[in-house]
1. Residue check, D151 against (1) at pLDDT 85 or above; (2) farther than 20 Å from S199 by Cα; (3) exposed (fewer than 13 other Cβ atoms within 10 Å of the Cβ); (4) over 24 Å from the mean Cα position of the chain (by Cα), all met but one. Which one?
2. Would you point out the residue of region 259-285, among those that are more than 18 Å from the chain's Cα centre (by Cα) and in a loop (DSSP other than H, G, I, E, B), that is surrounded by the fewest Cβ atoms within 10 Å (Cβ to Cβ)?
3. Which residues, taken from region 110-130, are over 14 Å from E191 (Cα atoms) and touching a Pro at 6+ places or on another chain (Cβ under 9 Å)?
4. Looking only at region 286-326, count every residue that is of a type in the set (S, T, Y) and either under 16 Å from the mean Cα position of the chain (by Cα) or part of a loop (DSSP other than H, G, I, E, B) (or both) and tell me the total.
5. Just to check your reading of the model, which residue among A260, A276 is closer than 17 Å to I306 by Cβ, of a type in the set (A, V, I, L, M) and in contact with a strand residue (DSSP E or B) (Cβ under 9 Å, 6 or more places away or on another chain)?
6. Within region 276-302, how many residues turn out to be among the aromatic types (F, W, Y) and modelled with pLDDT under 85?
7. Within region 220-237, how many residues turn out to be part of a helix (DSSP H, G or I) and modelled with pLDDT of 90 or more?
8. Quick one: in region 98-112, which of the residues that are crowded, with 18+ Cβ neighbours inside 10 Å and modelled with pLDDT of 80 or more is farthest from the chain's Cα centre (by Cα)?
Amino acid sequence: MQIMNNCYLTGLPAEGQLIQDESRISYRVMLGAKLFVINLCPTCLLPKINAQRDFHKYHAIVRSMLANDVFGNVSEKMFHWNLHDEIDVLLPPILLENELTSGIYPRTPKEKLDNLLFELYQLQAYGGERVSLNDVGEKELWQQWYFANPDELRFYLRALMDQNLIYLDAVSDFFSSEFSFTYNGLARYIELFNEGYASNICFIAMAFVPETIPIREAIKGALISCGYLPHIIDEQNLPSDRTINDEIIAGLRKCKFCIADFSFHRNGVYFEAGFALGQKKPVIYTCLKDEFSKAHFDIKPLQHIIYETPEELGKKLVSKIQAWID
């Protein structure tokens, strides 16, 4: 055993002693009021971390993922309370890499600002309520909302105030601040909702042939069990003044994410998946095992759920949605 200064993944001070052997590196970090036990695989993960000297730029992201239980939805064994009120975290390298490269979290300043507005809206019990940040665990909010430190959160709070989206007092000491929404803030939240930011809708892109009927039902069942509404273009009632193309674009704009099944390789699926990506929305790629060899070379490198039966697809989708979308 040896003493460790900071966590490899979060940059937080390591509590207690570092345990290192051939199978694992283990130590504790305190995040808010929770004590996490971090278990790493040294042979798989650490060479990549050590080679990537700028990994520190991911510290705030990993902290927020832990605070928001992102990794906990994958498996009960990965993330659970033990008898000492600690949380054991087992981070397989592929899971961590997928979350950092493809996971849903605010990356750009605009996304951080929009995410903050969305989070503040959720703190209200009713529209227009004055909410005290001091009453909602303010000292952990910057970690939960993907900010590097409290100063960055203060900066973005000022930005929302300067844009007349919220009223805010005592911004210099935001831990004692109260905020409420302006009319402009409410309008911006509605705009974000319509863009799919706060939506519970998933757009399903797939081939509409008799062979895919069981696949369609498996996808819809997985979505409903996870609390999402499936949006399939041929099940929508189109207004007389709108074309199918209009409805496709509208559906992609208001969805939170997209499931693109490439079985039977219809051109429309490629377009719809690409449009969703262009809006920076998550796309889950799926394909029948026997059909994957026919996929276009542009999508073959992307991570797919490859399945042999609709039942297998449904189970894998539930796990993927819980780990990647929720």
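1. With (1) at pLDDT 85 or above; (2) farther than 20 Å from S199 by Cα; (3) exposed (fewer than 13 other Cβ atoms within 10 Å of the Cβ); (4) over 24 Å from the mean Cα position of the chain (by Cα) applied to D151, the lone miss is (4).
2. H265
3. Within region 110-130, K112, L116 qualify.
4. Residues in region 286-326 being of a type in the set (S, T, Y) and either under 16 Å from the mean Cα position of the chain (by Cα) or part of a loop (DSSP other than H, G, I, E, B) (or both): 2 in total.
5. On the way: A276 fails: closer than 17 Å to I306 by Cβ.
Answer to the selection: A260.
6. Taking region 276-302 first, the residues among the aromatic types (F, W, Y) are 285, 292, 297.
So of that shortlist, the ones also modelled with pLDDT under 85 come out as 297.
Adding up the residues that qualify gives 1.
7. First, pick out the residues of region 220-237 that are part of a helix (DSSP H, G or I): 220-225, 233-235.
Now narrow it down to the ones that are modelled with pLDDT of 90 or more: 220-225.
So the count comes out to 6.
8. Checked region 98-112; the qualifying residue farthest from the chain's Cα centre (by Cα) is K112.
The values are calculated or read from the model by the stated rules, or taken from the named source; none is laboratory data. Note that the structure is a prediction, hence the values are computed from the model and not measured. All Cβ positions, glycine included, derive from the backbone under ideal geometry; neighbour counts span all protein chains shown.
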